[in-house]
1. For SER143, are the conditions met, namely being under 15 Å from the mean Cα position of the chain (by Cα) and surrounded by 15 or more Cβ atoms within 10 Å (Cβ to Cβ)?
2. Give segment 57-88 a look and list any residue that's assigned to a loop (DSSP other than H, G, I, E, B), out of contact with any His (no Cβ under 9 Å at 6 or more places or on another chain), within 23 Å of LEU266 (Cα to Cα) and of a type outside the set (D, E, K, R), or say none.
3. Considering only residues that are closer than 26 Å to SER34 by Cβ and assigned to a loop (DSSP other than H, G, I, E, B), look in segment 230-241 and name the one that is nearest to the ligand (Cβ to nearest atom).
4. Filter segment 129-145 down to the residues that are touching a Pro at 6+ places or on another chain (Cβ under 7 Å) and either of a type in the set (Phe, Trp, Tyr) or not in a loop (DSSP other than H, G, I, E, B) (or both) and list them by number.
5. Do we find that ILE99 is surrounded by 13 or more Cβ atoms within 10 Å (Cβ to Cβ) and either over 21 Å from LEU266 (Cα atoms) or not basic (Lys, Arg) (or both) in this structure?
6. Of the conditions (1) modelled with pLDDT of 95 or more; (2) surrounded by fewer than 17 Cβ atoms within 10 Å (Cβ to Cβ); (3) on the phi < 0 side of the Ramachandran plot, LEU251 satisfies every one except a single condition; which number is it?
7. Please work out if HIS209 is assigned by TED's automatic domain parsing to the domain that holds SER113, in a strand (DSSP E or B), in contact with a strand residue (DSSP E or B) (Cβ under 9 Å, 6 or more places away or on another chain) and over 22 Å from GLY248 (Cα atoms).
Amino acid sequence: MRYYLFHFILIVFFISITTSSFAALQLEGSPTQSGLLRGHIDPGEQVFYADQQLKIAPDGSFILGFGRDVTPQQSLTLIDSDGIEHIHKLTLKQRKYDIQRIDGISKKMMNPSEEDLKRIRQEAQQVAKARQQDSGRLNFQESFIWPVIGRISGIYGSQRILNGEPRRPHFGIDIAAPTGTPVKAPAGGVITMVHKGMFFSGGTLIVDHGHGLSSSFLHLSKTLVKVGEHVAQGQQIAKVGASGRVTGPHLDWRINWFKQRLDPALLVPPMPKKN
Ligand SMILES: [Zn+2]
């Protein structure tokens with residue numbers, strides 16, 4: 001009996017030493033604030049980020065995203081096939097964001113009424129719910145394309161000081177385009193929210209690309225798809241507009257990894273010249 005127990009312990013010890021040195025966590029590219037990180041693990045392994053177990057695709061790939069102002073010191077925990085933890089430390093590249101001053105904004109936009117605030121809160125909950133989707137879709141693996149080609153009129157992370165008051169940073173990328181310009185799906189996915197007219201964002205559409213990654217399109221004049229509909233990359237899903245609180249027609253495109261707001265510009269090649 002004693003002999004067997006001793007033997008058993010030796011074997012477990014041996015396996016844990018040999019496999020732990022092979023525990024494989026591969027990360028693609030360099031991690032940055034407001035960026036998406038793609039990684040890969042071997043079968044039987046698990047990876048955790050901030051107590052959240054990351055969804056692993058059948059090919060072992062996973063994603064995670066970092067918000068605008070997250071602390072540069074981050075870590076991932078890999079649990080190998082023997083249940084042994086490996087801490088993987090990351091240092092994110094820090095970004096600098098633009099600060100813009102805009103004056104002459106109307107009082108209605110600056111100070112919404114009680115009734116408007118109630119509506120704003122309800123709409124924010126609808127958006128948050130759509131962005132909580134944790135589907136197994138694999139569209140996040142596609143190489144994203146621009147939903148609209150045009151002049152970039154607003155960038156991610158910029159913070160506006162309206163009439164002297166610092167406001168929430170801008171979390172989308174604005175592409176100036178005439179009302180009616182087709183908006184194409186930057187990657188495939190399923191439509192998780194369609195709203196004809198939200199207080200701030202007007203006509204709004206959300207597409208789930210899988211594993212918590214979603215695209216939101218704001219200020220639309222028209223939506224061409226329904227909730228639950230599957231769309232392919234490049235498919236027309238909406239039309240550019242100037243709905244909601246805006247000064248002119250443009251597409252505001254946002255990317256989320258769950259609640260983390262990412263910079264869409266980091267997912268696509270440079271904006272091509274319009275012709
Ligand atoms: Zn915008």
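The values are calculated or read from the model by the stated rules, or taken from the named source; none is laboratory data. Keep in mind it's a predicted model, so treat the numbers as computed, not measured. A quick note on method: Cβ atoms are made from the backbone with ideal geometry, for glycine too, and the neighbour counts reach across all protein chains shown.
1. Judged against the criteria, SER143 is not a match.
2. Selection gives PHE66, GLY67, VAL70, THR71, PRO72.
3. Looking at the filtered set, the residue picked out is VAL240.
4. PHE144
5. No.
6. It is condition (2) that LEU251 fails.
7. Yes: the conditions hold for HIS209.
Yes/no matrix, rows are residues, columns are (1) of a type in the set (Lys, Arg); (2) away from the ligand (no atom under 16 Å from the Cβ); (3) part of a strand (DSSP E or B); (4) in the same structural domain as LEU36 (by TED's automatic domain parsing):
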position: LEU218; (1), (2), (3), (4): no, no, yes, no
position: GLY228; (1), (2), (3), (4): no, yes, no, no
position: THR247; (1), (2), (3), (4): no, no, no, no
position: LEU251; (1), (2), (3), (4): no, no, yes, no
position: ASN256; (1), (2), (3), (4): no, no, yes, no
